[in-house]
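Undergrad: One structure, pasted below without further comment.
The values are calculated or read from the model by the stated rules, or taken from the named source; none is laboratory data. Model, not experiment: these values are computed from the prediction. We place every Cβ from the backbone using ideal geometry, glycine too, and count neighbours over all the protein chains shown. Protein only, heavy atoms only, side chains kept; ligands, DNA and RNA dropped before computing areas. Shrake-Rupley method; radii C 1.70, N 1.55, O 1.52, S 1.80 Å.
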Amino acid sequence: MTDDALQKMQFLYALRSSGVTDKRVLSAMEAVDRAPFITGIFNTRAYEDMPLPIACGQTISQPSIVGLMTQALHISPRDKVLEVGTGSGYQAAILSRLARRVYTVDRHRKLVIEAREVFDSLGISNITAITADGSFGLPDQAPFDRIIVTAAAEDPPGPLLEQLKVGGIMVVPVGQSDAVQHLIVVRKSETGFDYDELRQVRFVPLLEGLGKDV
Ligand code: SAH
């Protein structure tokens, strides 16, 4: 077996042993190479199940967490999805294989520009990446079938709850920024919201306003 094939097998094994069992999610993650989303010295560690540093002091999430969050969204091919926290663009690229259209926003313009370049280089055409404070969602494109927040909020942001369709699902890490957070699955119904706790996680904080590089 080549090194590449072995690394890929170990990558998929790590996902399955963390509880990522949905076939569509696994095949999306098999199809999207994580390496192009990591520039610099950490690039060689793309297939390890670890969060890694990216530009602007942010991190690309651990693949098994990306898998679990994606799985919890139960995305259908007709869905319009909002991601808050583009970061490297890796999570958005996974979503783009499962959904009809993905809107992804980040407060750092540099990250949005770099992510767009990676999407273009991979021929991904159903992602719109926008520089914005995602706590307010994207009112122009709302409502969304699914919303994923990849930075930790103290509470699920109100505008995002509003911009979720009835029948929609949102996944969001909730808790104090420097402590352990809980990954929450929110389901919106005619009568209100149901909350489920998935597991403990650790994400960078959801911050107000745009990043300083803008
Ligand atoms: N999903 C990313 C990882 C995200 S790291 C990936 O796949 O690589 C969290 C990101 O959330 C950071 O890039 C950070 O800039 C962004 N972020 C934090 N607060 C935000 C806000 N209010 N609006 C938009 N993006 C925000």
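Undergrad: Which angle from 0 to 90°, rounded to the nearest 10, does the C-alpha axis of helix 63-73 make with the longest principal axis of the chain?
TA: 40
Undergrad: Let me check against my output: what whole-number percent is the relative contact order of the chain, with C-alpha pairs under 8 Å and at least 6 apart?
TA: 16
Undergrad: Okay, next question. Provide, for q = 0.18, 0.19 Å⁻¹, the log10 of I(q)/I(0) from a solvent-free Debye sum over equal Cα point scatterers in the range 3-201.
TA: -1.32, -1.50
Undergrad: Could you calculate the contour length gain from residue 74 to residue 18, that is, 0.36 nm times the residue separation minus the distance between their Cα atoms, to one decimal place in nm?
TA: Working: separation 56, 0.36 × 56 = 20.16 nm, distance 1.73 nm.
Length gained, residue 74 through residue 18: 18.4 nm.
Undergrad: Separate question: For the chain, with all protein chains present and a 1.4 Å probe, just round the carbon and sulfur fraction of the accessible area to a whole percent.
TA: Numbers: 5300 of 10430 Å².
Here it works out to 51 percent.
Undergrad: Further, regarding this structure: Which of the GluC sites (Glu not before Pro) found in the range 170-214 are in a DSSP loop and have at most 12 neighbouring Cβ atoms, other than their own, within 10 Å? Let's see the in-between values first.
TA: Working: sites: 190, 197, 208; in loops: 190, 208.
Filter output for the range 170-214: 190, 208.
Undergrad: Could you work out the equivalent-ellipsoid semi-axes for the range 53-144, taking the square root of 5 times each eigenvalue of the Cα gyration tensor, largest first, in whole Å?
TA: Working: eigenvalues 66, 49, 36 Å².
Sorted largest first and rounded, they come to 18, 16, 13 Å.
Undergrad: Along the range 188-198, what does the Karplus equation 6.51 cos²θ - 1.76 cosθ + 1.60 (θ = phi - 60°) give for ³J(HN,Hα), rounded to whole Hz, x for Gly and Pro?
TA: Result, rounded to whole Hz: 9, 10, 4, 9, x, 10, 10, 10, 10, 9, 8.
Undergrad: Moving to a separate point now. Given labels modelled 7 Å from the Cα in the Cβ direction, how far is it in nm from residue 178 to residue 41?
TA: 2.6
Undergrad: Using DSSP to call loops (not H, G, I, E or B), can you name the trypsin sites (Lys or Arg not before Pro) in the range 83-175 whose Cβ has at most 15 other Cβ atoms within 10 angstrom?
TA: Details: sites: 97, 100, 101, 107, 109, 110, 116, 146, 165; in loops: 97, 100, 107.
Here the sparse-neighbourhood loop sites are 100.
Undergrad: Would you calculate a helix-derived [θ] at 222 nm for the chain, using -39,500 (n - 2.57) for each DSSP H run of n ≥ 4 and dividing by the full residue count, to the nearest 500?
TA: On the way: 6 runs with 60 residues, N = 214.
When only DSSP H runs of four or more count, the value is -8000 deg cm²/dmol.
Undergrad: Tell me the per residue accessible area of the range 3-201 using a 1.4 Å probe; a whole number in Å² is fine. Walk me through the numbers before you get to the answer.
TA: Details: 9130 Å² over 199 residues.
Accessible area per residue: 46 Å².
Undergrad: Give me the percent of DSSP beta bridges within the chain that run antiparallel, rounded to the nearest 5. Write out the running numbers ahead of the final one.
TA: Values: 16 of 36 bridges.
Just about 45 percent of them are antiparallel.
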